[in-house]
């Protein structure tokens, strides 16, 4: 660990359980109610009132850890289907704006149903249905988001043939006037359906966006358990960008969220010559796999069983103990030499100093290896250091691309405010 005495920077907090792990009722009241009312992560496109009937039923049935994921997920379906039916009726009546809103509100319910990862049959169905209503809602907006199936030309035989991404290009982009691109790497639980919330804000400042999932999550075709699979994945992605005349491949940046930060740090080294800049927000690279850390994270900041969800994401299924035993040797960017690679794209590391999901120790470690990097830590704030971190990152990306715009106006596109 990076702190003096071989300890984590938040060592004294590792043994203190968060109240939201006591029950779903405490999860809602102490952690989720406020962001639901604000329409922000993880409730993008959602409203607190939409969740009221779901919350009431989960509380009345005293849901608590360990969750039966099928039984948990089922509770959300009637409300998601109800909102979808309103959207369908509005669409049939030609009320496009209303239909779009209600499809997206339905997607928010399906999202929390499959959250944090579709590990059960019902959660997998929620993921499938949530995708369907989300892209319908996004596709009905004045500036529709499109789903693109990018050929995974560098794949191995056991990997998927296509990379599903959400894509939005500003009007006027062309071969003669190509635009910069921000590629958004999603996290452990927020997929392209959620992180699409950032796309409209970037469009307004003349930047194209591509949103895709990281290995082991969503529909990512890369092998979850293969440490080298992201290298092939991103080679295929960059090759496709090179073929798009409306995108300036000399102005490609990555903004990775949470677990996606691990992949951002890797790709900044493996594909340095194809990137103008990389931002790793709230990620990790080495100590995130430390057994002592993983032994404690299930009762800390994350809303559910973080170690189990990470084990599932990295291809271990339910074998959490095997993940804890093997992950550092297999996936550490220090142990595999990535951090000491001499070439690295311009890389900005941002996180909150009190992060209880991935230790801030990993960013201190990264600064001590390989090429120089940039860093900005938000003091006294937990995972990802938001919302202050968003302003730090957007300002950095504006400068990278030579953009002059009002960051506040871009941030105002994030919270969901229902009209109907």
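Tell me, please, whether a residue that is modelled with pLDDT of 95 or more, in a helix (DSSP H, G or I), in contact with a helix residue (DSSP H, G or I) (Cβ under 6 Å, 6 or more places away or on another chain) and surrounded by fewer than 16 Cβ atoms within 10 Å (Cβ to Cβ) can be found in region 44-51.
The answer is no; no qualifying residue exists.
Exactly one condition in (1) touching a helix residue (DSSP H, G or I) at 6+ places or on another chain (Cβ under 7 Å); (2) surrounded by 24 or more Cβ atoms within 10 Å (Cβ to Cβ) is not met by residue 247; state its number.
It fails just one condition, (2).
Could you please give the count of residues in region 110-129 that are in a helix (DSSP H, G or I), under 21 Å from residue 52 (Cβ atoms), under 17 Å from the mean Cα position of the chain (by Cα) and in contact (Cβ under 8 Å) with a residue 40 or more places away in the chain?
Here the count works out to 4.
Do you know which residues across region 167-210 are under 14 Å from residue 255 (Cβ atoms), over 16 Å from the mean Cα position of the chain (by Cα) and assigned to a loop (DSSP other than H, G, I, E, B)?
Across region 167-210, the qualifying residues are 205, 207.
Can you confirm whether residue 329 is part of a helix (DSSP H, G or I) and either outside the structural domain of residue 365 (by TED's automatic domain parsing) or surrounded by fewer than 22 Cβ atoms within 10 Å (Cβ to Cβ) (or both)?
Working: part of a helix (DSSP H, G or I): yes; either outside the structural domain of residue 365 (by TED's automatic domain parsing) or surrounded by fewer than 22 Cβ atoms within 10 Å (Cβ to Cβ) (or both): yes.
Answer is yes for this residue.
Can you tell which of 81, 101 is in contact (Cβ under 8 Å) with a residue 60 or more places away in the chain and either crowded, with 23+ Cβ neighbours inside 10 Å or part of a helix (DSSP H, G or I) (or both)? Spell out the reasoning first.
Working: 81 fails: in contact (Cβ under 8 Å) with a residue 60 or more places away in the chain.
Just a single option satisfies the conditions, and that option is 101.
Could you please give the count of residues in region 307-326 that are free of Cβ contacts under 8 Å to residues at least 60 places away in the same chain and either assigned to a loop (DSSP other than H, G, I, E, B) or under 23 Å from the mean Cα position of the chain (by Cα) (or both)?
We begin by selecting, within region 307-326, every residue free of Cβ contacts under 8 Å to residues at least 60 places away in the same chain; these are 307-308, 311, 317-326.
Imposing the further condition that a residue be either assigned to a loop (DSSP other than H, G, I, E, B) or under 23 Å from the mean Cα position of the chain (by Cα) (or both) reduces the set to 307-308, 311, 317-320, 323-324.
Matching residues across region 307-326 total 9.
Find all pairs meeting these conditions: Cβ atoms under 7 angstrom apart; at least six residues apart or on different chains; first residue within region 341-369 and within 19 Å of residue 259 (Cβ to Cβ); second residue modelled with pLDDT under 95 and assigned to a strand (DSSP E or B).
Within 7 Å, the pairs are 361/3.
I'm trying to understand the selection: among the residues of region 17-60, which are free of Cβ contacts under 8 Å to residues at least 24 places away in the same chain and more than 28 Å from residue 134 (Cα to Cα)? Show your work before the answer.
As a first pass, look at region 17-60 and keep what is free of Cβ contacts under 8 Å to residues at least 24 places away in the same chain: 19, 26, 29-30, 33-37, 48-49, 52, 56-57, 60.
Matches in region 17-60: 19, 26, 60.
Quick one: is residue 275 touching a strand residue (DSSP E or B) at 6+ places or on another chain (Cβ under 7 Å), within 24 Å of residue 355 (Cβ to Cβ) and surrounded by 22 or more Cβ atoms within 10 Å (Cβ to Cβ)?
Numbers: touching a strand residue (DSSP E or B) at 6+ places or on another chain (Cβ under 7 Å): yes; within 24 Å of residue 355 (Cβ to Cβ): no; surrounded by 22 or more Cβ atoms within 10 Å (Cβ to Cβ): yes.
When the stated conditions are applied, residue 275 does not pass them.
Go through (1) in contact with a helix residue (DSSP H, G or I) (Cβ under 6 Å, 6 or more places away or on another chain); (2) farther than 26 Å from residue 43 by Cβ for residue 145 and report which single condition fails.
Result: residue 145 fails condition (2) only.
Check whether at least one residue in region 9-26 is in the same structural domain as residue 130 (by TED's automatic domain parsing), touching a helix residue (DSSP H, G or I) at 6+ places or on another chain (Cβ under 7 Å), within 19 Å of residue 82 (Cβ to Cβ) and crowded, with 19+ Cβ neighbours inside 10 Å, and report yes or no.
No, that holds for no residue.
For the condition in the same structural domain as residue 369 (by TED's automatic domain parsing), more than 22 Å from residue 127 (Cβ to Cβ), out of contact with any helix residue (DSSP H, G or I) (no Cβ under 6 Å at 6 or more places or on another chain) and not in a strand (DSSP E or B), what is the one hit in 231, 239? Show your work before the answer.
Details: 231 fails: out of contact with any helix residue (DSSP H, G or I) (no Cβ under 6 Å at 6 or more places or on another chain).
From the options 231, 239, the qualifying one is 239.
Restrict the check to region 84-98 and report whether at least one residue is within 24 Å of the chain's Cα centre (by Cα), touching a residue at least 24 places away in the same chain (Cβ under 8 Å) and either surrounded by 14 or more Cβ atoms within 10 Å (Cβ to Cβ) or part of a loop (DSSP other than H, G, I, E, B) (or both).
no
The values are calculated or read from the model by the stated rules, or taken from the named source; none is laboratory data. Keep in mind it's a predicted model, so treat the numbers as computed, not measured. Neighbour counts run over all protein chains shown; Cβ positions are idealised from the backbone, glycine included.
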